[in-house]
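Have a look at the structure below before the remarks.
Where a number appears in this text, it was derived from the coordinates with a stated rule and is not lab data. These numbers were taken from a predicted model, which means no experiment stands behind them. Note that each Cβ is placed from the backbone with ideal geometry, even for glycine, and that neighbours are counted across all protein chains shown.
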Amino acid sequence: MLTQAATAATLCRMRPWPTKTLALGGDYNPEQWPRSVWDEDVELMRRAGIAFATVGVFSWSWLEPAEGDYEFEWLDTVLDLLHASGIAVDLATATATPPPWLSSAYPEILPVDHDGHTLWPGSRQTWCPTSERYRERALALTAQLAQRYHEHPALALWHVSNEYACHNVPCYCDRCGRHFRTWLQRRYGALDALNDAWGTAFWSQRYTAWDQVLAPRRSTTLANPTHVLDYRRFSSDALLDFYLAERAVLSEHSPDVPVTTNFMTLSHFRHLDYHAWAPVQDVVSTDHYIVGTLAHPRAELAYSGDLTRGLAGGGPWMLMEHSTSAVNWQPTNHAKWPGQTIRDALSHVARGADTIGWFQWRQSRAGSEKFHSAVVPHAGPDSARFREVEQLGRIAARLGELVGSRVESRVALLHDYQSVWAASGPSMPSGELDPLLAAGTIHRLLHDRGVTCDVVHPSADLTAYDLVVVPQLYLVTDEHAAAVAAAAEDGAQVLVTFFSGISDEHDHVRLGGYPGAFRELLGVRVEEFFPLGPAQEVALGAGTGTWWSEHVELAGAAVVESYAAGPLAGRPAITRREVGAGAAWYLSTLADDERLGRVLDDVLAAAGVAPAVPGLPRGVEATRRRSDEGSWLFLLNHTESPQTVAAAGYDLVADAFVGGTVRLDPGGAAVLREG
Ligand code: GLA
Ligand code: ZN
């Protein structure tokens with residue numbers, strides 16, 4: 001991966017990518033509109049301070065209306081128009097969704113669901129990841145685009161496909177089954193090794209020939225968990241292979257233009273192992289939409305940003321898409337409040353985004369997303385929503401000075417998609433326990449305290465962190481577990497939660513007592529899980545535990561909190577053990593926010609980690625970005641009342657100096673240049 005700094009330099013030298021401002025932009029789908037609208041589009045883009053447009057994401061049927069019959073003139077016009085207005089282009093390879101002629105001519109490209117049913121054309125992303133035919137046609141189109149537009153002065157970035165796996169993974173077709181076998185042969189070599197890894201000695205599942213191994217379609221009852229886990233690994237790898245093939249075509253015909261594909265680091269999207277994908281992006285980009293049904297949507301946004309920054313190696317990243325207001329795919333699609341378009345955009349910048357994109361530029365009048373908000377709504381530019389974007393454009397121009405700076409964090413929170421996959425497998429102690437529950441809760445409570453986490457993979461370098469959080473890291477390798485223990489030895493506070501360290505990379509349980517891989521580090525030995533249902537609670541000495549509890553025996557740790565009722569009454573619930581220069585804490589239940597918050601306060605104090613600003617009011621988010629040039633404090637008021645924070649500096653949002661008290665309007669934001 002190019003470093004982020006190198007990417008910025010590359011963009012700056014080679015292409016007209018805006019590096020002096022925080023770049024605003026978004027998906028531009030002009031094929032929906034007559035030519036006359038395009039002139040108004042670029043005029044309005046200029047007014048709103050739009051710096052980039054993502055073009056062509058779903059344009060295949062307009063670029064290749066019949067096999068091998070390409071029509072690029074309309075796209076030439078669009079790129080010329082954008083360039084004439086100084087707008088950089090993030091050009092999509094247009095391979096996210098096949099045109100109807102392609103699936104009619106080659107129905108074998110269609111994906112197949114868990115029950116073996118074909119998913120028919122009529123929507124989008126209707127293609128199977130292993131279809132050779134689909135790949136051949138997609139690469140042909142990619143090559144055409146790369147050859148034609150490589151020299152175009154508007155071209156700043158290649159946007160490969162779109163949100164891989166959003167709708168078409170896993171595919172359970174016979175061809176995917178064959179590719180899966182090849183993938184397994186590479187992974188295990190011999191069939192005996194596969195039999196061992198999958199534990200097929202049980203339930204008469206022993207394979208005696210490779211062609212007996214199938215994609216894990218719906219069976220009579222519980223599937224083999226390692227079979228399912230390997231299929232998820234394979235499905236992510238199969239699409240990564242597809243991405244790399246497109247990327248190779250771009251490198252051949254358009255070698256010096258950076259390449260990205262937009263991730264979905266929202267917490268509910270879990271189909272791809274982005275830790276394997278990030279190293280082959282020239283710049284990490286992601287999409288984020290607020291999910292109104294979540295209990296804590298703002299905290300989820302922050303988690304997504306911190307995860308994306310982790311994927312970007314701590315450097316800046318692109319927010320490729322979010323929405324100016326409502327989406328159209330939730331049960332009730334709530335509009336954003338006045339000011340929220342600005343605050344949401346700044347929330348991502350506060351977590352390291354240097355580019356802010358929306359889906360989409362102009363709200364569709366027809367088709368599947370006609371009620372999805374856009375920069376130019378159905379009401380037209382004479383609207384509060386468009387004016388808010390214009391206002392953000394003026395703020396973004398001032399924020400240019402912080403582009404390239406990094407978000408400060410002394411806390412690592414470990415996130416591993418493969419562990420999440422394994423913990424979501426069939427036949428778990430609790431099928432109702434979300435594998436990201438502890439991660440989300442601890443991250444939210446730290447976020448409420450103005451403490452920023454880097455959400456990173458267990459293989460990340462942990463040496464620079466004062467606190468390492470290990471939340472429900474169910475599957476862990478010996479190597480990663482050793483790195484966590486080493487962090488404690490070296491002086492970090494390590495906080496491990498229930499259902500961590502349980503299994504190895506084949507999802508085999510580590511014997512001798514839970515939490516196997518971390519037992520020694522924590523100085524506890526868990527004999528049995530006592531999972532709690534969603535409506536159940538267990539009393540603690542102070543407060544309550546939810547979702548989970550367990551029979552903990554001490555093996556070197558001291559008790560911080562005990563169970564006070566039920567089958568575990570009197571036994572340890574939360575423990576702490578001194579380790580080398582640091583300490584290892586264990587949470588065997590999810591304590592309520594107040595009790596868990598007090599544990600976190602103790603852990604933060606022991607780690608010497610302070611919030612971005614002291615005395616942060618509840619509901620105000622605070623992060624800090626820093627570079628050699630200075631530091632910038634972000635303050636975002638997510639409450640409906642005015643708030644004050646003790647801080648000083650030049651507020652780039654208000655464009656005014658602030659003495660010692662920042663006054664934030666309800667839903668308001670400030671970005672202070674400090675010092
Ligand atoms: C995804 C897609 C976009 C659009 C948005 C709507 O992010 O990439 O094309 O459908 O969802 O929220
Ligand atoms: Zn398939």
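Annotations for the structure displayed:
- Net charge, L652 excluded, C-beta distance under 10 Å - Lys, Arg +1, Asp, Glu -1: -1
- For the range 453-503, relative contact order (Cα pairs under 8 Å, six or more residues apart, normalised by length) works out to 47 percent.
- Taken over the Cα atoms of the range 149-257, the convex hull encloses 126 Å³ per residue.
- Long-range amide H partners of E550 with built H, under 5 Å: F530
- Phi angles of the range 184-201 translate, via the Karplus equation with coefficients 6.51, -1.76, 1.60 and θ = phi - 60°, into HN-Hα couplings of 5, 5, 5, 6, 10, x, 9, 4, 4, 5, 5, 4, 5, 4, 8, x, 7, 4 Hz per residue; Gly and Pro are given as x.
- Note on the chain: dipole from Cβ charges, positive end direction compared against L222, A438, P666; the farthest Cα belongs to P666.
- The range 554-663: trypsin sites (Lys or Arg not before Pro) in DSSP coil with no more than 13 other Cβ atoms inside 10 Å: R618
- Computed about the Cα centre, the dipole magnitude for the chain is approximately 620 debye when only Lys and Arg (+1) and Asp and Glu (-1) carry charge, each at its Cβ.
- In this simple spin-label approximation, E136 and E640 carry label points 7 Å from Cα along the Cα→Cβ vector, and these lie 6.0 nm apart.
- Length-normalised contact order for the chain - Cα pairs under 8 Å, 6+ apart - percent: 11 percent
- With a cut-off of 12 Å between beta carbons, the residues surrounding M428 carry a summed charge of -3, where Lys and Arg count +1 and Asp and Glu -1.
- Whole-angstrom Cα spans of the range 411-607 along principal axes, big to small: 41, 37, 31
- Charge context of P100, other residues only, Cβ under 14 angstrom, K/R +1, D/E -1: 0
- Cα-centre dipole for the range 435-483 with unit charges at Cβ (Lys and Arg positive, Asp and Glu negative), debye to 20: 260 debye
- Rel. contact order, % - alpha carbon contacts under 8 angstrom, at least six apart, the range 620-673: 38 percent
- With all pairs of separate Cα atoms included, the range 342-409 yields a Kirkwood hydrodynamic radius of 13.4 Å.
- The string of couplings for the range 603-609 from the Karplus curve (6.51, -1.76, 1.60, θ = phi - 60°) is 5, 5, 5, 5, 7, x, 9 Hz, one whole number per residue in order, with x for Gly and Pro.
- ³J(HN,Hα), Karplus 6.51/-1.76/1.60, whole Hz, each residue of the range 274-279, x for Gly, Pro: 5, 5, 7, 7, 4, x
- As a size descriptor, the averaged projected area of the C-alpha convex hull of the range 586-675 was calculated at 7.4 nm².
- Just so you know, the Rg over Rh for the chain is 0.97, from Cα atoms, with Rh as the Kirkwood radius.
- Taking only the Cα atoms of the range 266-335, the radius of gyration and Dmax are 13.0, 37 Å.
- Modelled FRET efficiency - R0 35 Å, F72 with T182, Cβ distances, 0.05 increments: 0.45
- In the range 620-673 the Cα-Cα distances spread across 10 Å bins starting at 0 as 27, 57, 14, 1 percent of all pairs.
- Here the range 411-607 is assigned +1 on the Cβ of each Lys and Arg and -1 on the Cβ of each Asp and Glu. Its dipole about the Cα centre then comes out at about 360 debye.
- Theoretical ellipticity at 222 nm over the chain - DSSP helices of four or more residues, -39500 (n - 2.57) apiece, nearest 500: -10000 deg cm²/dmol
- Here the range 76-123 is described by how far its Cα atoms reach on the three principal axes: 50, 22, 14 Å, from widest to narrowest.
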